[in-house]
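Student: Structure below; questions to follow.
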Amino acid sequence: MSVTPEKLLVVNDLSTTFATAGGPLPAVANVSFDLMRNETIGIVGESGSGKTVLSRTIMGLQPRTNVTVTGSVLLNGSEMVGTTESFKRGLWGTEVAMVFQDPMTSLNPVMRIGKQIDETLRVRLGMSKQDAKARAIELLELVGIPSPSQRYDAFPGQLSGGMRQRVVIAIALACSPKLLMADEPTTGLDVTIQAQILNLLDELKERLHMSVVLVTHDLGVVATRTSRIVVMYAGRIVEIGSTRDVFANHRMPYTRALLESSPKVSNASHTRLITIPGRPPNLLKLTQGCSFAPRCAYASDKCHQERPELQQADQPGHSFACWNPLPITRGDSAS
Amino acid sequence: MTDTTRPLLKVRDLKVIFGKGHHAVSAVAGVSFDIFEGETLGLVGESGCGKSTTGKALMRIVEPSSGSIELDGTDLTELKRGGRQLRNIRTRMQMIFQDPISSLNPRRRVKDIVAEPLDCWKTISGHERDVLVSDLLSKVGIDPAVYGNRYARQFSGGQCQRISIARSLAMRPKLLICDEMVSALDVSVQAQILNLLEDLKAEYGLTLLFIAHDLAVVKNVSDRVAVMYLGKICEIGPADALYEAPAHPYTKFLLGAALEADPDSPIHSQVLEGEPPSPMNPPSGCRFRTRCPKATELCASDEPLAQEVAPGHQVACHFPLSITRK
C-alpha cells in the first residue's frame, strides 16, 4: 500500500445512503476530493446539503444500521470505508479527530473537564495517571485556557461557550491527530469569540502540522481561513476550487446565489439582497437532472433531464457541475 | 418615510433586574433611546448583553424594574399588568421571535393562526375576516388556497417565519419588534425574509426594532443602530456612519471580528481578548473597561455618559475614537 505522501486524505466516489421509511435517502452522493498535508479545506453548504454527513462518513462515524456507504476514504494510506469499528477506533485520535458544533452536548456535563481529556490520553496512549494529568494541563494551556491547572477540575457547566469549545479542541488534539475535522466549530458562538477560536485553530494547525477540514454554512468563516473550498448542494459537490476561484470566478449559479444572498458588512444599509426562490430539495424526491435546476435562473431542458458531472474550469483544480455555467469573469487573476 | 421629529417609542432609563439581593442580575441596566416613526432601529450585541430582554421589556413580557416606555405618548409602565389598557396597546406593537417553529402551535391550521388576533379582538368576522387572512398570507408569499388549511408543523423554518409575520400584521400594528428573527434560517431563506420585511415595512408603514447579533444583517435592515454591551447601550448612530467610523472601542472590536465573505478581507489582527464579565457583578465605571485597551483610572471611577460625537451619533466613552471620515 502506497499513497502519494503529500495527500493526507483521498475521498473517492463516496456515497452515504440512509434507508428511511420514505425510501433510500442519498445524503452524500459521489463525492471525490483530496486534502494535502498541512492544508485547510472548507466544506460549505446550507442545512441538508450533506456536509455534516460527509464529515462523519470520513471519520467513519455513521450509524451501524440502515446506512450504506460506498466508495473510498483513504486516510494517510488506511481505508476507512468497510472496515471494522475496532480498526477505525485505532485511527481515531491519532490519525483523525473531530470537533463538533455544540460544545455543551459533546462534553459530559457531570465529568470534570480534566478527566475528559485524561480519558483519551490514558486509553489511547496508555499514559499513567500523573503523566496524563500533566499533559492535559499542557493541552488546556495550548488552547488558551487561563489558569489551566485550576480549570482542570472544572465542570463543563462552569465554563462559557467559547471556553467549552476550547476544551473540545484540547480533547481532539490530545493524541496529535494528522487530520482535524471541525464541524461548525464556531456556530453558536459570539463574533468576538468566533474570531478567537478561528485564530486558535489556524495557529494550532501551523504549530502541530495538521490538516483541517472546516465544515460550515458561513462563507465568511471559510473566506480567509482555507486554501480550497468545496460547495455542496443536495448531497453533491457542485463546485470545488481554490478559495479565490470559488469566491471570484465561480461558474456554478448556486455558488453565486449563496454568495450574493448573504448580507455584507461593507454594503450600505438597505441594500436589496439577491435571493433564490424556493428552498433546498427533498432528498427523497430527487429528479434525474441537476438538483438545483428548479431554483436556477439559467436552467434549460437539459438541466432537468440530465445531471451535470463535475467538469474542469480554466484554472487547475477548479471544477463545477453545471450545463449552463456563468461566464468567466476574470476581475483579478489568481495570484 | 422616517419622521425624525416625532418619536413613536420613547424609552428612558429602562432597567430590568432579575432576582433579588446578592443574586440580582441587572440584565438591562438603564437604557434610553427613541424610535422615530417609519424607521428601523437595529439593536446589536453579543449574547447576554440584554438585547432580547430589552425587546421583551418593551412589550412587558418581562416586567421592567424601572424607567419609562412611551408609545405614542402613553407610558406602558404605568398601565396595570394584564389590564384592558395594556392589552389594547399591545395590538399596536407586535413581536416576532427567533425560533419560528416553536412560536407557532404545530397542531393548528395556518389560517387559524393568522386569524387568532382578529378572533381575540372580534374586530371583524365572517367573510371579511377570511378575506383579510387570505390577503395577509398572500402578502407574505404563502398561497392561502393551497396552504391555508395545512398545519403549522408541515412547514419549514422559513415558511413558519412568514406565517409569524402574517400573524403579527393582522392587527395592523405600528411597531414591530423582531428578536433574532432570521438567525435560525439558512442564508438563501434569510435573504428572502429580509427582503420581505423591507417590502412590508414600506407597504404597512411599519416602525421596526430589529434585534440581532449578526452585524451584517442588522446593517442591511437598519436606519440607525444601537450597540449594547453588558446591559447598556455604548453607542448609537446612523447605520452607515456607525459602521464606517465606530466611536466606541467595543464597536470597533465587534466590527473587526465580523467575518466578511471575501478572501481579500483582512484576517483579524486585533482580536478582543477575554470574555464579557458576569452581569451579576459588573465592573465599576465603564462596563467595557476590563477588556478595553484604552481604559484608565477615570474609566474605573466614573461611568461615561452618552455624548454626541456627530449629529445623531452618541457614544458612552470617556475616550471616544476620532471619527474623522476617510
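Student: Tilt of helix B:126-139 relative to the longest C-alpha principal axis of chain B, in degrees (0 to 90, nearest 10)?
Tutor: Rounded to the nearest ten degrees, it is 50.
Student: How high is the relative contact order of the stretch B:169-326, given as a whole-number percent (alpha carbon pairs under 8 Å, six or more residues apart)?
Tutor: 20
Student: How charged is the neighbourhood of A:Tyr233? Take every other residue with its Cβ under 13 Å from the Cβ of A:Tyr233, and add Lys/Arg as +1 and Asp/Glu as -1.
Tutor: +3
Student: Here's something else I'd like to know. If Lys and Arg each add +1 and Asp and Glu each add -1, what is the summed charge of the other residues whose beta carbon sits under 11 Å from the beta carbon of A:Met163?
Tutor: Summing Lys and Arg as +1 and Asp and Glu as -1 gives +2.
Student: How tilted is helix B:157-169 with respect to the longest principal axis of chain B? Cα atoms for both, answer in degrees (0 to 90, nearest 10).
Tutor: 80
Student: How far apart, in nm, are the 7 Å Cα→Cβ label points at B:Asp99 and B:Ser125?
Tutor: 3.6
Student: Output the pairs from A:Lys205/B:Lys294; B:Lys252/B:Lys294; B:Lys15/B:Lys80; A:Lys51/A:Lys285; A:Lys88/A:Lys129 with a Cα-Cα distance over 23 Å in this structure; if there are none, say none.
Tutor: Flagged as over cut-off: A:Lys205/B:Lys294; A:Lys88/A:Lys129.
Student: Right, here's the next one. What ranking do A:His250, B:His313, B:His23 get, fewest neighbouring Cβ atoms within 10 angstrom at the top?
Tutor: Going from sparsest to densest Cβ surroundings: B:His23, B:His313, A:His250.
Student: Which Rg and Dmax, in Å, describe the Cα atoms of the stretch B:120-216?
Tutor: 13.9, 44
Student: List residues of the stretch A:112-138, by number, whose backbone nitrogen lies under 17 Å from a label position 7 Å along Cα→C-beta of A:Ser147.
Tutor: Residues passing the 17 Å test: A:113-114, A:137-138.
Student: Turning to a different aspect of this structure: Report the Cα centroid-to-centroid distance between the stretch B:154-192 and the stretch A:125-199 in angstrom, as an integer.
Tutor: Taking the Cα centre of each part, the stretch B:154-192 and the stretch A:125-199 sit 37 Å apart.
Student: Right, something else. For the stretch B:19-95, what are the per-bin percents of Cα-Cα distances with bins 5 Å wide, up to the bin holding the maximum?
Tutor: Values per bin, smallest distances first: 3, 12, 24, 25, 19, 11, 4, 1, 0.
Student: Tell me, what HN-Hα J-couplings in whole Hz come from the Karplus equation 6.51 cos²θ - 1.76 cosθ + 1.60 at θ = phi - 60° for each residue of the stretch B:277-293, using x for Gly and Pro?
Tutor: x, 5, x, 6, 9, x, x, 6, x, 6, 6, 8, 4, 5, 10, 8, x
Student: Here's something else I'd like to know. Using Stokes-Einstein with the Kirkwood hydrodynamic radius over Cα pairs, what translational diffusion coefficient do you get for chain A at 10 °C and a viscosity of 1.306 mPa s, in µm²/s rounded to a whole number?
Tutor: The estimated diffusion coefficient comes to 75 µm²/s.
Student: Name the residue, out of A:Pro109, A:Pro156, A:Pro281, whose mean-square fluctuation peaks in a Gaussian network model built on chain A with Cα pairs under 10 Å.
Tutor: Maximum among the listed residues: A:Pro109.
Student: Quote the relative contact order of chain B in percent (integer), defining contacts as alpha-carbon pairs under 8 Å separated by 6+ residues.
Tutor: Computed over chain B, the figure is 20 percent.
Student: While we're looking at this one, here's another question. Residues of A:244-252, mean number of Cβ from any other protein chain within 10 Å of their own Cβ, rounded to a whole number?
Tutor: Taking the mean over all residues of the peptide, I get 1.
Student: For peptide B:218-228, compute the average count of partner chain beta-carbon atoms within 10 Å of each residue's beta-carbon.
Tutor: 3
Student: Ok, one more. Using only the Cα atoms of the stretch A:5-92, what semi-axes does the equivalent ellipsoid have when each is the square root of 5 times a gyration tensor eigenvalue? Give whole Å, largest first.
Tutor: Each semi-axis is the square root of five times an eigenvalue, giving 22, 17, 10 Å.
Student: On to the next question. I need the P(r) histogram for the stretch A:247-328: all alpha carbon pairs, bin width 10 Å from 0 out to the longest distance, whole percents.
Tutor: Whole-percent P(r) values from 0 Å outward: 16, 43, 30, 10, 0.
Student: Could you let me know the centre-to-centre spacing of the stretch A:1-72 and the stretch A:201-238, using Cα atoms, in angstrom?
Tutor: First find each Cα centre; the distance between them is then 15 Å.
Student: Can you give me the angle between helix B:110-121 and the longest principal axis of chain B, using Cα atoms only, in degrees from 0 to 90, rounded to the nearest 10?
Tutor: That works out to roughly 80 degrees.
Student: Shifting gears a bit: Short version: ³J(HN,Hα) in whole Hz for each residue of the stretch A:98-105, in order, from phi by Karplus 6.51 cos²θ - 1.76 cosθ + 1.60 (θ = phi - 60°), x for Gly and Pro, what are they?
Tutor: In residue order, the calculated couplings are 10, 10, 8, 5, 9, x, 6, 8 Hz.
Student: May I pose another question? The stretch B:235-293: which GluC sites (Glu not before Pro) are DSSP loop and have at most 12 other beta-carbon atoms within 10 angstrom?
Tutor: When the GluC sites (Glu not before Pro) of the stretch B:235-293 are filtered for loop state and at most 12 Cβ neighbours within 10 Å, B:Glu273 remain.
Student: If I take every Cα pair under 8 Å that is 6 or more residues apart in the stretch A:247-328, average their sequence separation and divide by the length, what percent do I get for the relative contact order?
Tutor: 32
Student: B:Ser68: net charge of surrounding residues, Cβ under 14 Å, Lys/Arg +1, Asp/Glu -1, itself excluded?
Tutor: Computed value for this residue: -3.
Student: Over the alpha-carbon set of the protein assembly as shown, work out the extent along each principal axis and list the three values in angstrom, largest first.
Tutor: Reported extents, whole Å, longest axis first: 80, 66, 50.
Student: Turning to a different aspect of this structure: Applying the Karplus parametrisation 6.51 cos²θ - 1.76 cosθ + 1.60 with θ = phi - 60° to the phi angles of the stretch A:266-283, what ³J(HN,Hα) value in whole Hz is obtained for each residue in order, glycine and proline being reported as x?
Tutor: Once rounded to whole Hz, the list reads 7, 7, 5, 5, 6, 6, 5, 8, 8, 10, 10, x, x, 9, x, x, 6, 5.
Student: Taking springs between alpha-carbon atoms closer than 10 angstrom, which of A:Thr65, A:Thr226, A:Thr17 fluctuates most in the Gaussian network model of chain A?
Tutor: A:Thr65
Each reported figure results from applying straightforward, stated rules to the coordinates on display, with no laboratory input. All values derive from a computational prediction rather than experimental measurement. Every residue, glycine among them, receives a Cβ derived from its backbone with ideal geometry; neighbour counts consider all protein chains shown.
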